[in-house]
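Q: One structure follows; several queries about it will come next.
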Amino acid sequence: MSAVVVHGIGALCTCDPLLGDAPGVIRDAALVARDGVIVYAGPEATLDRSDVPRGALEIQVRGAAVIPGFVDAHTHIVWLGDRGDEYAQRAFGVTYDEIAASGGGIRATVRATAPGTVDDLAAAGRERARRMLASGTTTVEVKSGYGLEHEAEMRELDAAERLRQWPDLPDVVATYLPLHVTPDGPRDAYMDDVCTRGVTAAAKRATFVDAYCETGAYTVAECERLFTAAASHKLRPKIHAEQLSHSGGALLAAQVGAVSADHLEHATNTDFEALSKAGVVGVILPGASLVLGGPPPPGRRLLEAGCRVAVATDCNPGTCYSESMPLMISLAVALGGLSPAQALVAATAGGAAALGLTDRGILRAGLRCDAVILETTNWVDVGYHLGADIVDSVMLEGRLEVPSKA
Ligand SMILES: [Zn+2]
């Protein structure tokens, strides 16, 4: 049995919709976890000593704010190589499309990543996952997508599984993303392979299947074919949709009942209405929107259409090299039109919804105890204090982790 009691919480931001206005703040609160599960999240004054497990580690946080651990529902953290040169080129006006056309972009990462062993890939992912934990992330979705052939894709998923087994990292949810960049060889043969051998092998390693539906990447028909093949292996779809142009991915997400549709900068009101009706979570990736300089992330438009919204990092070597969810909250407010409270909910409960997880993202008795103890008494500082390190310590499934700031 392991138990932790956090006393003296000035503002416990539960992100619990049952507690009224977001982010469901309880003042002068305590949080109690036993064996990784919250057993009490409420006012200190009504905490019954009999609810405190014997032998519990009791800590006093002197008025600090506590929030749920971030659920980063869209990342590509298993990659090798470096694309800092492209970053510099873009600063001189070379576009993302021009870089891709000259052999850079995702293709450059595929060349660097595909030969990597599972150990190499896991080691690279581990560094990024540690930085994620240090900035308050307790669950991270990890996509494949830099393999572009069967064995290399499976090594990426095996590396994600390796990350999941390390107890000092965020929990990992794996996604099979075989349709990312287009293959060098015959496209039909690649599709055939992915839709047979690929989905069969991925089903043992991943929870979701994903595709990049975009002009110059994969068509709606190809994405639909993948999702149909994956469905018989119980891999639920996610989709990169309407990022650089309007390609029809959002309507496909609604049609196939995807768990989420991600990016959506070029989505229309018709798309948002369809996503809302189908219960598809809209994932905004404001770091990528910022770097690419196109339309803003459609946070407010999604909410106005009645959609659930998640905000995620899209951590990848090309369009958003950032592990920081607090930075994404800042950008979701500055660019995406969300209020600080809406952005915090999108980064926690929203992220959980985008991964189909009902056991986290909210601080409530009975749910997984993933929480962040902040260095500040004001939870708004998470986004407001731009680029600051506001994490004091992290509760990862009820265990207290004080991530290294080195
Ligand atoms: Zn992505």
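Q: Can you tell me which residues in region 124-143 are under 23 Å from LEU400 (Cα atoms) and open to solvent by 10 Å² or more (accessible area, probe 1.4 Å)?
A: The first filter runs over region 124-143 and keeps only residues under 23 Å from LEU400 (Cα atoms), leaving 125-141.
Across region 124-143, the qualifying residues are ARG126, GLU127, ARG128, ARG130, ARG131, ALA134, SER135.
Listed here are the residues, each with its yes/no results for (1) of a type outside the set (Ser, Thr, Tyr); (2) in contact with a helix residue (DSSP H, G or I) (Cβ under 7 Å, 6 or more places away or on another chain); (3) buried (at least 19 other Cβ atoms within 10 Å of the Cβ).
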position: PRO317; (1), (2), (3): yes, yes, yes
position: PRO326; (1), (2), (3): yes, yes, yes
position: ALA347; (1), (2), (3): yes, yes, yes
position: ALA353; (1), (2), (3): yes, no, yes
position: ARG360; (1), (2), (3): yes, yes, yes
position: LEU363; (1), (2), (3): yes, no, yes
position: THR377; (1), (2), (3): no, no, no
position: ILE390; (1), (2), (3): yes, yes, yes
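Q: For the condition away from the ligand (no atom under 16 Å from the Cβ), over 19 Å from the mean Cα position of the chain (by Cα) and within 16 Å of LEU177 (Cβ to Cβ), what is the one hit in LEU235, LEU252? Break it down stepwise before answering.
A: Details: LEU235 fails: over 19 Å from the mean Cα position of the chain (by Cα).
Criteria check complete, one pass: LEU252.
Q: Same structure, new question: With the structure loaded, tell me whether SER322 is modelled with pLDDT of 95 or more, buried (at least 24 other Cβ atoms within 10 Å of the Cβ), within 16 Å of the ligand (Cβ to nearest atom) and of a type in the set (Ser, Thr, Tyr) or whether it fails that test. Step through it out loud before you land on a result.
A: Details: modelled with pLDDT of 95 or more: yes; buried (at least 24 other Cβ atoms within 10 Å of the Cβ): no; within 16 Å of the ligand (Cβ to nearest atom): yes; of a type in the set (Ser, Thr, Tyr): yes.
For SER322, the condition - modelled with pLDDT of 95 or more, buried (at least 24 other Cβ atoms within 10 Å of the Cβ), within 16 Å of the ligand (Cβ to nearest atom) and of a type in the set (Ser, Thr, Tyr) - is not met.
Q: When region 183-195 is examined, which residues are found to be surrounded by 16 or more Cβ atoms within 10 Å (Cβ to Cβ) and part of a loop (DSSP other than H, G, I, E, B)?
A: PRO183
Q: With the condition kept exactly as written, say whether any residue in region 285-297 is within 13 Å of the ligand (Cβ to nearest atom), buried (at least 24 other Cβ atoms within 10 Å of the Cβ) and β-branched (Val, Ile, Thr).
A: no
Q: I'd like the full set of residues that are open to solvent by 10 Å² or more (accessible area, probe 1.4 Å), among the β-branched types (Val, Ile, Thr) and not in a strand (DSSP E or B), limited to region 36-94.
A: THR46, VAL52, VAL61, VAL94 - these are the residues of region 36-94 that are open to solvent by 10 Å² or more (accessible area, probe 1.4 Å), among the β-branched types (Val, Ile, Thr) and not in a strand (DSSP E or B).
Q: Shifting gears a bit: Tell me the residue from TYR146, TYR176 that is within 16 Å of the ligand (Cβ to nearest atom), surrounded by 17 or more Cβ atoms within 10 Å (Cβ to Cβ), in a strand (DSSP E or B) and among the aromatic types (Phe, Trp, Tyr), please. Let's see the steps before the verdict.
A: On the way: TYR146 fails: in a strand (DSSP E or B).
Going through TYR146, TYR176 in turn, the sole match is TYR176.
The values are calculated or read from the model by the stated rules, or taken from the named source; none is laboratory data. All of these numbers come straight from a predicted model, not from anything done at the bench. No Cβ is skipped: glycine too gets one built from the backbone with ideal geometry, and neighbour counts run over all protein chains shown. Heavy atoms of the whole protein, side chains included, go into the accessibility calculation; ligands, DNA and RNA do not. Shrake-Rupley method; radii C 1.70, N 1.55, O 1.52, S 1.80 Å.
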